Amino acid sequence: MQVVAVHGGAGFHSLSSAPEVKRALRSACVRAITDGPGSVTSALQAVSAAVAALEDEECLNAGYGSNLTLSGTVECDASIMDGRTGDFGAVGAVPDVQHPIRAAHEVLRYSRKPDPLARIPPLILVSTGASQFVEMQGLERRPPATMISPRAHQEWKKWRDELEAAQARNGAPDADHPGQAQSVPAQFDGLRNRQDTVGAVVWDAAGDLAAGVSSGGLLLKLPGRVGEAGIYGAGCWATRNAACSVSGAGEYITRMSLARAICDAVEAAGDDADTHEVLRQLLETEFYRLCSERGESSPQAGVLLLVKEQDAAGQPKPRLWCAFTTNSMAVGFTTSQSQKPFATILRRPPRAPGNDSELSAYITALPLSP
């Protein structure tokens, strides 16, 4: 059996946007199931196909439709990992590639080729170097202006004006306490919620796993910034027994190498792993502690995790998990045995009164069988 699971990011998904987002997730699942060849690398091919489909959707923050930088440009990050071999590839701050996940996949493929001078191949390529590499590998580059969607430009203008007004009122940020998050008025929560990184995890017919992630990054980010989607161990990770794709506040996710930490914890727990407890411990305790030490009281993270378990006969079987600390997370999945893909917007219940001081994560296993 093959399993393809995708996410449209953790953050805030309005009721009005839900149909469009769910349609995009279902379409990506179908694309992945039908796109890849049935070979030992099919999990990797399916991840690349699924994420590339999501990168085409204007309603998601990846590829075309990405959030814009402070300068009003698109800069995309993406990474992909093969759980069977541990091979990895990533690109960062790429301004002119419609499918950054394809570029990341090419970096991974390039790392497998022998070098005539035994040079060590790169894990990550960024900016103009990544663009030049993409062209050398035969992938299409686009004029950077064509990567800007009308919706993204409208959002950028709105929040740029808000930023300029806030700076005029408050002056320059206080740099006397570096590393401490600043208090942000509630009316600016919408800016923080626009972090809907996309990703995929796949289990192929051979039982191999792969993971990928792609993002336009934070709205109004500084040009040149690379978020968790382009960093080894942060945005995605895959082993022989687990594959993970992460969304959320990139700098905090990167500090913890969250995707790798989750897969490592699942591996360390062995066959008797309590995956629910692993996710709860990492998100509610370790991730919360790391963020709170830096002044962030509402850390944002979402996780899509596919793990290899055993059935009653001792045969491997896939199990899909989703966990997030945000208001909502968009997920979809399908299997080679399903008649049609499933997509939903999971929403975290409100916190109990008096429990605002601690982070609570919504954690659930998603049924893969009808």
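Here, each number is a calculation from the coordinates, and none is a lab measurement. All figures in this text were calculated on a predicted structure; none of them were measured in a lab. Backbone-built Cβ (ideal geometry, glycine too); neighbour counts: all protein chains shown.
Some values worked out for this structure:
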{"item": "The chain, relative contact order [Cα under 8 Å, separation at least 6], %", "result": "24"}
{"item": "Other-chain or far-sequence residues with amide H under 5 Å of Lys317's (modelled H)", "result": "Glu309, Gln310, Asp311"}
{"item": "Estimated vicinal HN-Hα couplings, Hz - the range 287-303 in sequence order (Karplus 6.51, -1.76, 1.60; Gly, Pro = x)", "result": "5, 4, 5, 4, 6, 5, 5, 9, x, 9, 8, 10, x, 10, 8, x, 10"}
{"item": "For the chain, with +1 on Lys and Arg beta carbons and -1 on Asp and Glu, the positive-most of Ala62, Ala261, Thr364 along the dipole", "result": "Ala62"}
{"item": "The chain - mean residue ellipticity at 222 nm from DSSP helices (-39,500 (n - 2.57) per run, n ≥ 4, rounded to 500)", "result": "-9000 deg cm²/dmol"}
{"item": "Loop trypsin sites (Lys or Arg not before Pro), the range 94-171 (other Cβ atoms within 10 Å of the site Cβ: 15 or fewer; DSSP)", "result": "Arg112, Arg119, Arg141"}
{"item": "Charge dipole magnitude, Cβ of K and R +1, D and E -1 - the chain, Cα centre, debye nearest 20", "result": "620"}
{"item": "Gained length - Asp271 relative to Leu290, 0.36 nm times residue gap less alpha-carbon distance", "result": "4.0 nm"}
